[in-house]
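Heads up: the structure comes next, in structure tokens.
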Protein chains: 2
Amino acid sequence: MNVDFLIVGAGFTGMVLAERLSNELGASCLIVDRRGHLGGNAYDEYDDHGVLVHKYGPHYFRTDKPAVRDYLGRFTEWRPAHYQILAWTRGRYWRFPINLNTFEQLIGRPATEEEFKAHLASVRVPISQPANSEEVIVSQVGWELYEMFFKGYTQKQWRKSPAELDASVCARIPIRTNRDDRYLRESFQAIPAAGYTRMFERMLAACQRTMVLFHADYHAVRQHVSYRKLIFTGAIDEYYDYRAGVLPYRSLRFEREHFTAEQLAARQAVAGKAGFWQPALQVNYPNEFDYTRIVEVKHVTGQTCDNTTIVREYPLDYQRGGEAYYPVPDATSPRQYQAYAEIAARDPHVYFAGRLATYRYYNMDQVVDAALSLAEQIKADWRAGARRVA
Amino acid sequence: MNVDFLIVGAGFTGMVLAERLSNELGASCLIVDRRGHLGGNAYDEYDDHGVLVHKYGPHYFRTDKPAVRDYLGRFTEWRPAHYQILAWTRGRYWRFPINLNTFEQLIGRPATEEEFKAHLASVRVPISQPANSEEVIVSQVGWELYEMFFKGYTQKQWRKSPAELDASVCARIPIRTNRDDRYLRESFQAIPAAGYTRMFERMLAACQRTMVLFHADYHAVRQHVSYRKLIFTGAIDEYYDYRAGVLPYRSLRFEREHFTAEQLAARQAVAGKAGFWQPALQVNYPNEFDYTRIVEVKHVTGQTCDNTTIVREYPLDYQRGGEAYYPVPDATSPRQYQAYAEIAARDPHVYFAGRLATYRYYNMDQVVDAALSLAEQIKADWRAGARRVA
């Protein structure tokens with residue numbers, strides 16, 4: 001086959017680039033993916049019981065970038081979303097992330113913001129420059145709240161103590177002394193009204209001259225496709241045949257459980273409303289069970305069915321060839337990636353883009369923003385006739 | 001690219017053949033489809049409101065062939081289905097197909113089977129060898145029932161008078177003097193419990209060494225793929241570049257309308273239950289409106305949502321390149337197809353299979369049955385080393 005762009009990966013990065021390049025350059029594209037669907041890990045689907053679920057873990061879209069919102073808005077309507085997270089430990093649900101409501105639950109009576117601030121001042125561990133995730137949290141809220149909400153969760157998630165992890169890992173969770181319990185800070189918080197998959201289908205429908213090859217491994221098809229430029233959004237270590245080692249990742253296993261309306265009747269006191277299993281979109285389990293969280297995405301999809309599906313999330317050691325979810329944020333992994341980045345910089349044949357190819361934990365809006373920027377760069381290169389490949 | 005089988009079309013025929021040949025011969029397959037999904041016209045999808053709909057018209061699975069049921073049963077659970085059809089005319093719903101209940105509605109009081117038989121004997125037109133669809137019906141039920149239920153519907157559907165159409169067109173609708181109002185006769189009537197699309201996804205997942213190329217035209221990719229055998233399930237006239245003319249088809253336009261739970265409250269008296277718009281899966285409109293029928297497939301999918309989507313079906317003249325739904329069952333079309341069948345018989349390079357390639361109105365089980373038989377033939381050819389193509 002003969003195309004202008006061979007794009008490996010049908011996730012956000014690949015889809016944005018196919019749409020931009022096919023429409024703005026009139027270029028032909030072939031998107032190749034090992035899976036049988038669009039959207040990469042953002043793919044959602046109706047399960048066997050008709051409940052819309054996020055197949056590869058929950059995707060909470062949010063952004064402060066109007067350009068990203070508006071670009072994706074060409075392919076979807078938005079449904080405003082309140083991403084409510086609770087934590088379950090000591091036999092009850094806790095308001096989370098930590099805020100004044102959590103403090104009131106802890107002391108068992110109403111309290112003021114000043115009282116909570118005074119409490120935190122009395123328990124926090126004075127550390128001027130927190131060097132890791134444990135220090136970041138205990139320096140703000142002391143040992144009890146750290147152990148209630150952070151220590152066990154982080155240990156399960158990463159199979160490392162927070163003391164071994166970069167400060168940024170736990171620092172991304174807000175801690176507030178007022179009653180604001182929003183988990184995310186961004187000004188625009190919404191999900192595609194008809195789901196992510198439908199949005200990707202519309203992106204593809206908007207592409208000119210773009211074919212999609214599913215269940216296909218890049219390595220198996222590369223010699224059969226002639227292309228002018230390659231855009232690779234897969235794992236960079238795999239692209240280079242692991243010549244600088246296997247990049248460290250954490251993986252996940254998802255376990256779905258479905259409940260009929262009848263089964264849910266018994267949960268109504270817990271969930272607070274009919275048709276749901278738990279009281280919020282996400283409940284973290286920092287200290288009990290082998291899973292880190294249970295997500296009931298129906299809380300934000302707006303589905304009106306009387307049944308529901310919850311998904312338990314079990315952290316999993318990553319092995320080469322498995323599903324790579326999170327780059328490991330420790331001291332050594334950036335150096336390991338750097339070795340690949342240096343090889344890639346000397347390789348004029350490929351544009352590497354996206355989460356796996358740049359070894360980054362990207363939010364969705366960051367991925368889209370980066371892909372839109374790269375599209376501009378590729379367009380400029382293309383028009384300059386540069387970086388031609390065979 | 002280099003594969004054993006190039007399969008054009010990802011509908012029932014293409015999917016069954018890919019599954020059989022990849023698993024039984026260990027052959028590699030590339031399935032090519034212009035659309036962006038599996039399943040051909042049997043594809044179903046959740047619409048923007050989360051209601052499962054049959055995108056290309058309703059598909060009522062039924063069979064008398066246990067082998068077909070069991071083969072598909074490897075890839076889906078079954079949900080028993082009661083395919084209830086009503087007709088709407090003279091300002092009310094009528095039991096359909098014509099049976100004793102319909103007769104009671106007509107005369108406005110209870111009646112016996114004998115009474116109905118006597119009525120039919122008095123109104124039927126004596127024709128010993130009905131030569132067309134009009135004669136087939138009036139010879140059974142006379143002019144009034146023919147005009148109430150058949151004449152206008154057929155005229156709309158085919159844009160021809162029943163008198164111009166083969167007797168088989170209307171003869172497929174049963175007429176009974178007892179109270180049996182089943183539309184379909186087959187012993188097994190059920191739909192894939194999680195939908196047709198999910199069943200096709202499972203078939204694909206079961207395929208070995210099978211890639212799927214979407215949004216791709218066979219003519220554009222043929223020279224870039226090397227294959228040993230071609231299986232073509234598209235339109236045979238298009239394959240031969242219309243050299244013997246455009247085969248006549250009827251086409252359809254589908255118009256969806258969605259109703260929220262609130263909007264449905266006002267319809268409850270009509271629908272007979274909450275969450276539905278009409279009282280049955282399908283309502284025919286023989287004499288009023290431009291559409292032939294309204295289908296509310298939620299009646300058989302078993303979805304428990306409180307909203308619904310109905311689909312109005314408008315017959316449409318077919319034009320070359322449009323969606324070809326029904327071969328036209330008149331006197332001339334078989335001859336037109338025969339010209340292509342003769343060309344194909346002299347063409348050792350291709351297996352033609354499925355509804356479009358054989359110019360037949362197939363039910364789903366017939367398609368699957370034919371594909372399973374063809375798989376056996378291809379396996380035999382393959383093992384004999386025959387029909388090798390470049």
I'm trying to understand the selection: among the residues of segment A:166-221, which are within 30 Å of residue A:328 (Cα to Cα), polar (S, T, N, Q) and within 12 Å of chain B (Cβ to nearest Cβ)?
A:197
From B:263, B:336, B:268, residue being open to solvent by 50 Å² or more (accessible area, probe 1.4 Å), in contact (Cβ under 8 Å) with a residue 40 or more places away in the chain and not aliphatic (A, V, I, L, M):
B:336
Which of (1) of a type in the set (S, T, N, Q); (2) at pLDDT below 95; (3) in the same structural domain as residue B:19 (by TED's automatic domain parsing); (4) open to solvent by 40 Å² or more (accessible area, probe 1.4 Å) does residue B:377 not meet, given it meets every other one?
(2)
Among the residues of segment A:329-341, are any under 27 Å from residue A:83 (Cβ atoms) and in a loop (DSSP other than H, G, I, E, B)?
yes
How about segment A:1-100: which strands (runs of 3 or more DSSP E) wholly inside it have at least 3 residues that are in contact with a helix residue (DSSP H, G or I) (Cβ under 7 Å, 6 or more places away or on another chain) and either within 14 Å of chain B (Cβ to nearest Cβ) or under 30 Å from residue A:221 (Cβ atoms) (or both)?
A:2-8, A:29-32
Could you say whether any residue in segment A:75-90 is without any contact (Cβ under 8 Å) to a residue 24 or more places away in the chain, under 19 Å from residue A:195 (Cα atoms) and either open to solvent by less than 10 Å² (accessible area, probe 1.4 Å) or within 20 Å of the chain's Cα centre (by Cα) (or both)?
no
Subset of segment A:122-167 (residues that are of a type outside the set (Lys, Arg) and in contact with a strand residue (DSSP E or B) (Cβ under 9 Å, 6 or more places away or on another chain))
A:148, A:149, A:152, A:153, A:157, A:158
Kindly evaluate residue B:357 against the criterion of being part of a loop (DSSP other than H, G, I, E, B), in the same structural domain as residue B:47 (by TED's automatic domain parsing), open to solvent by less than 20 Å² (accessible area, probe 1.4 Å) and on the phi < 0 side of the Ramachandran plot.
yes
Of A:317, A:290, the only residue that is away from chain B (no Cβ under 14 Å), open to solvent by 20 Å² or more (accessible area, probe 1.4 Å) and under 25 Å from residue A:95 (Cβ atoms) is A:290
Filtered residues of segment A:200-258 (kept if polar (S, T, N, Q) and more than 24 Å from residue A:43 (Cα to Cα)):
A:223, A:226
Among (1) open to solvent by less than 10 Å² (accessible area, probe 1.4 Å); (2) not assigned by TED's automatic domain parsing to the domain that holds residue A:366, the one test that residue A:29 misses:
(2)
I'm trying to understand the selection: among the residues of segment A:101-134, which are of a type in the set (Lys, Arg) and part of a loop (DSSP other than H, G, I, E, B)?
A:109, A:124
Test each condition in (1) under 19 Å from residue A:58 (Cα atoms); (2) outside any loop (DSSP other than H, G, I, E, B); (3) aliphatic (A, V, I, L, M) for residue A:163 and report the one that comes out false.
(1)
Can we say residue A:211 is touching a residue at least 60 places away in the same chain (Cβ under 8 Å) and either within 26 Å of residue A:60 (Cα to Cα) or open to solvent by 70 Å² or more (accessible area, probe 1.4 Å) (or both)?
no
List the number of the failed condition for residue A:308; all other conditions in (1) among the hydroxyl-bearing types (Ser, Thr, Tyr); (2) at pLDDT 95 or above; (3) closer than 22 Å to residue A:363 by Cβ hold.
(3)
When segment B:222-239 is checked residue by residue, the ones that are open to solvent by 10 Å² or more (accessible area, probe 1.4 Å), away from chain A (no Cβ under 13 Å) and over 24 Å from the mean Cα position of the chain (by Cα) are B:228
I'd like the full set of residues that are polar (S, T, N, Q) and farther than 21 Å from residue B:163 by Cβ, limited to segment B:93-137.
B:99, B:101, B:102, B:105, B:112, B:122
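The values are calculated or read from the model by the stated rules, or taken from the named source; none is laboratory data. Given the structure is predicted, the values throughout are model-derived calculations rather than measurements. Because the Cβ atoms are built from the backbone with ideal geometry, glycine has one as well, and the counts that use them run over all protein chains shown. Accessible surface areas use protein heavy atoms only, side chains included; no ligands, DNA or RNA. Shrake-Rupley method; radii C 1.70, N 1.55, O 1.52, S 1.80 Å.
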